Amino acid sequence: MKNFVLLSLVVVLQVIGNVLLSRGMRQVGGSEAISGSTIVSFGLRTVSNPWVLAGVALLIGFFVLYLAALSRLELSFVLPMTAAAYVLTALFAWLILHETISPARWAGTFAVTLGILLVGSSEHRAAKRRGEAQAINLEQGTEPRAAD
Amino acid sequence: MKTWLVVFLVVLSDSAGNVFVTKGMKEVGEVTSYRPMALLRVARQALTNVMMAMGVLCMAVAFFSFIALLSWADLSFVLPATALGYVVSVVGAHYVLKENISAARWIGTIIICLGVALISLNSGD
């Protein structure tokens, strides 16, 4: 349960952080001519934009929680689960920003959801088996094998 | 040819970054408390961990080679191609981190990789 909350926070922070950052960078705009002074003014506008700052703050939070997740879970479990960001982004774009989403993008979003459910449910079953094995070991009075 | 080489560099450095950072965090130890003092102690250990530094360096290489790639290649090609990172990272987790990866996890990761590629295919417009 604790891990589920942690991974959900990782995904939500990443999605909101990217949305804020992208909104801020659109306000900042691209620099047309590349010269010393335009790069400096571009840099100054970027670091003084409140949306950019808020986005970067959330993305730092995302990275810290991602590291916390990796400290206690396997990379091959955490990485597929973080792909939920794509699903959340699509739902966000569709429900809140009212963007039209192409059939190919819906199909991809569906595939990502399917993959996450597959990885998540197999982990759920494995955790349940580990719990049962531990209970049996305790009943028999044997030392439970050190699990991960 | 050059494009594929850089895609390869992006995917490889991103995956290596994930593997190194995981190795680093396993050395630092499990984050169990989120109290400020406990987090500060973890942060100090993480910042001085060699594996962690290697991981962040790899992620920086991935980020800058990704941006460089975008300067000449289409986003609708670059994004789907870099989705390969999901599978390559899990391969790294298996061979380097010795993680035990179930069939469901392999299949799920491959489906996610294909899904991400499909999502980003038409992101060029």
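What follows is calculated from the coordinates using simple rules that are stated; it is not laboratory data. Everything numeric in this text was worked out from a predicted model, so none of it was measured. Here the Cβ positions follow ideal geometry from the backbone for every residue, glycine too, while neighbour counts run over all protein chains shown.
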**OP:** Using the Karplus curve 6.51 cos²θ - 1.76 cosθ + 1.60 with θ = phi - 60°, work out ³J(HN,Hα) for each residue of the range A:69-85 in order, rounded to whole Hz, and write x for Gly and Pro.
**Re:** 5, 5, 5, 10, 10, 7, 4, 5, 9, 5, 4, x, 5, 5, 5, 4, 4
**OP:** Classify the range B:34-125 as rounded, prolate or oblate from the Cα gyration tensor: take a ≥ b ≥ c as the square roots of its eigenvalues, call it rounded if a/c is under 1.5, otherwise prolate when a/b beats b/c and oblate if not.
**Re:** oblate
Original post:
So what's the gap between the Cα centers of the range B:62-101 and the range B:1-36, to the nearest angstrom?
Top reply: 11 Å
**OP:** Could you check the simple spin-label distance between B:T32 and A:S102, using points 7 Å along Cα→Cβ, in nm with one decimal?
**Re:** 4.9 nm
**OP:** Among the chymotrypsin sites (Phe, Trp or Tyr not before Pro) in the range B:1-44, which ones are in a DSSP loop with at most 13 other Cβ atoms within 10 Å of the Cβ? Mind listing them?
**Re:** B:Y34
Subject >> Shielding score for B:86-99, defined as the mean number of other chain Cβ atoms within 10 Å >> reply: 3
Original post:
Averaged over peptide A:113-122, how many Cβ atoms belonging to another chain are found within 10 Å of each residue's Cβ?
Top reply: 6
Original post:
Rg and Dmax of the protein assembly as shown over Cα atoms: what are they, in angstrom?
Top reply: 20.2, 75
Original post:
Which FRET efficiency value, to the nearest 0.05, is calculated for A:R23 and B:K98 with the Förster distance at 45 angstrom and r the Cβ-Cβ distance?
Top reply: 0.60
Original post:
Scanning chain A for GluC sites (Glu not before Pro) in DSSP loops with at most 16 other Cβ atoms within 10 Å, what's the longest stretch left with none?
Top reply: A:33-98
Original post:
What is the sum of charges around B:S15, taking Lys and Arg as +1, Asp and Glu as -1, for the other residues whose C-beta is under 14 Å from the C-beta of B:S15?
Top reply: -1
